[in-house]
Structures are given as C-alpha cells and as structure tokens.
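Enquirer: Structure in structure tokens, see below.
The values are calculated or read from the model by the stated rules, or taken from the named source; none is laboratory data. It should be emphasised that the depicted structure is a prediction, and the values quoted were computed from it without experimental measurement. When we count neighbours, we look across all protein chains shown, and the Cβ atoms used for this are built from the backbone with ideal geometry, even at glycine.
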Amino acid sequence: MSQSNILLESDTNELEIVEFRIDEVDWHGNVVPCHYGVNVAKVREIIRLPQISRVVNAKPGVEGMIKLRDKVITIINLAKVLGKETGEMVADRVVVLEFNNLMVGVLVHSVSRIYRISWKNVEPPSRSVHSDQVTGLVKMDDRIILVLDFEKIVGELCSESALKPLDEAVLLDSTVHNRGRKTVLVADDSLFIRNTMCNTLRQAGYIVEEAEDGSMAWEMIQKKMEQSTQEGSDIRSILSLLITDVEMPQMDGLHLTSLVRKTDMLKDIPVVIFSSLASEDNKRKWVGLGANHILTKPDLPNLVKVADELAVY
C-alpha cells in the first residue's frame, strides 16, 4: 500500500505533496523561482511533454491535448492561468492529475520531490496575489510552497469537471423536510467549492455555518457542545449535520471525522465527506473512520438529498 493511500485511510492529519516550479521573469529579465505543490494523492504520473494537439477556440489556459496511452487528456498551461510572465522559458514537464473522475495534465517547468508534512504546518493563504487559486502555504526553510486549488482551476477550464446545478424542484422542497430548523456545518478550504455548497444548502432552506479548515470547524463544534451542555439541550438541535472536505490546512477532514466519532456527545451527529479524492476504495476506508456518507466532487445534485436523509432528529 502506498504512503498516500495510508494517509487517506487514517487520521494522521498528514499529507504528501509533490513540489514543482513555475518560474517567472521580472522586469530585468531575471528568473524568479516560484514553488507550488499538489497532494500526491491527485498525481497519477509525471512525464515529459509529448507532441501536443492544439484545440480550436480553447479557453485561455488550455494549451491543447495529448494522447496518454489509451486516453486523450487536456493540458493546462498553469503559467497562463496564474498570469505569469515566463519570457523564453519552456514548460516541458507534465504533472498528470486524476481527481473528480477526470484526468488532466498541467504544464510545469520542473518537479523536485515529494514531502510528507503535517496539515498543522499548512497555513491558510493570506488575501494576496492568486489567493483565490491557493488553498495553503507551506513554509520551508528557504522558500514557501503554495498549494494550488486545482478543483477551482480545472473546474473553470473543463466543463465536465464543473459542479453541476441542482434540480430546482429539490431546492424548493423545503416544507417537506423542515430544513429551516436544521443547522449544517460545512468545512472546506476552497472558497470556490465552499461558496457553491453553502449557497446551495441555503437556497434549499438550511441554516448553514462554514469553516475554512478542519481546525476552525472543530472549534465551532466544541462551542456548540458547550452551548448544548449549558442549555441542557440535544446537540442535534444545535448541529444537525457536518459536511467536510478531506484536504484542508491545519486539520484535514479525516482527522476531524475521527475527533467527532471519538466524542460521546457527537456520536449521533452525521458526517458527510465531500471530496475529489473519493474513489471507491477511499469511500470504504472513510466509512470505516465513521463517515455516514461520501459524496464525490462534483456531485452537487445529491448534496441536498443526502442532507435531507441525514439531518433528521
């Protein structure tokens, strides 16, 4: 079993990232090294750029397509997506990613190595350049590695990976499920994904609270536990459902799920994991950790349906 698979089935609160570079050129023509990272669980392989076929009327950032064995995959030029000036530098390495039941390749200048780190050492990004495309910062001794939000990047360029709209009939069915009295806590570090999920649940009538990472979510849950104790109320009347991503700074969704399941007061709180890494194998492992249901991004149409099934008390 690979290390990345071990991390995805446990609550070690660790991840492995592949570090790569997309350099840029400053006004004086000097090369400025820029370091980025992606969860190794999303990386299928790293190859040299083969012959590429251009795509007519492609979106900016889509370089073209290549044939990789029996599949044709889209190639994304990350330098263009990130708005970098690269001068004469050529990106000839392709990091092949697989998530959301989709395979894409991203062009990079070089790939260095894999690092195993704790999510506690991954900081949420400040509101700086490209902050909407970055989900975390890893501070190394001599550099900062930016962890990119590939769900957002790929979702905006590849329509087949985009979050699908929910059936309006499901949204309007609020009286049947009495959603207005139920509170759902959503934890996801991607502002793009979190906004979409929370807006959908709010449109359906749910009371929605949101957290940027697992650590923030756990703090919010602890406060609800204190409120429940002080009021002598059922915790389910204060928190009806937890929906969490897996990959998050400070504390990942697997560790958060484990903490919930190890706490007696929370044993009846349903937990839904909503992740782009939800393969059939990972689903079985995450259910073993205590998740009640797994949703594979971008399965937005089933989000409210699952909430209706689980947020009952």
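Enquirer: For segment 151-159, indicate whether the set of residues that are modelled with pLDDT of 95 or more and loosely packed, with under 14 Cβ neighbours inside 10 Å is non-empty.
Expert: Checking segment 151-159: not a single residue is modelled with pLDDT of 95 or more and loosely packed, with under 14 Cβ neighbours inside 10 Å.
Enquirer: Given the criterion of a type in the set (A, V, I, L, M), assigned to a strand (DSSP E or B) and touching an Asp or Glu at 6+ places or on another chain (Cβ under 7 Å), identify the matching residue among Val96, Val38, Val18, Val106.
Expert: Val96
Enquirer: Still on this structure: Glu309 passes all but one of (1) buried (at least 16 other Cβ atoms within 10 Å of the Cβ); (2) in a helix (DSSP H, G or I); (3) more than 22 Å from the chain's Cα centre (by Cα); (4) not β-branched (Val, Ile, Thr); which number fails?
Expert: (1)
Enquirer: Given (1) within 16 Å of the chain's Cα centre (by Cα); (2) modelled with pLDDT of 95 or more; (3) in a helix (DSSP H, G or I), where does Ile273 come up short, assuming only one miss?
Expert: (3)
Enquirer: Among the residues of segment 15-74, write down those that are surrounded by fewer than 18 Cβ atoms within 10 Å (Cβ to Cβ) and of a type in the set (Asp, Glu).
Expert: Passing the criteria: Asp26, Glu45, Asp70.
Enquirer: Please verify whether Thr135 is within 26 Å of Glu212 (Cβ to Cβ), among the hydroxyl-bearing types (Ser, Thr, Tyr) and crowded, with 17+ Cβ neighbours inside 10 Å, treating the condition exactly as stated.
Expert: yes
Enquirer: Now for a different question. Quick check, is Ser112 surrounded by fewer than 14 Cβ atoms within 10 Å (Cβ to Cβ), within 21 Å of the chain's Cα centre (by Cα) and farther than 26 Å from Ser279 by Cα?
Expert: No, not satisfied.
Enquirer: Moving on to the next point. Report whether or not Leu185 is at pLDDT below 95, of a type in the set (A, V, I, L, M) and out of contact with any Gly (no Cβ under 7 Å at 6 or more places or on another chain).
Expert: So Leu185 fails the test.
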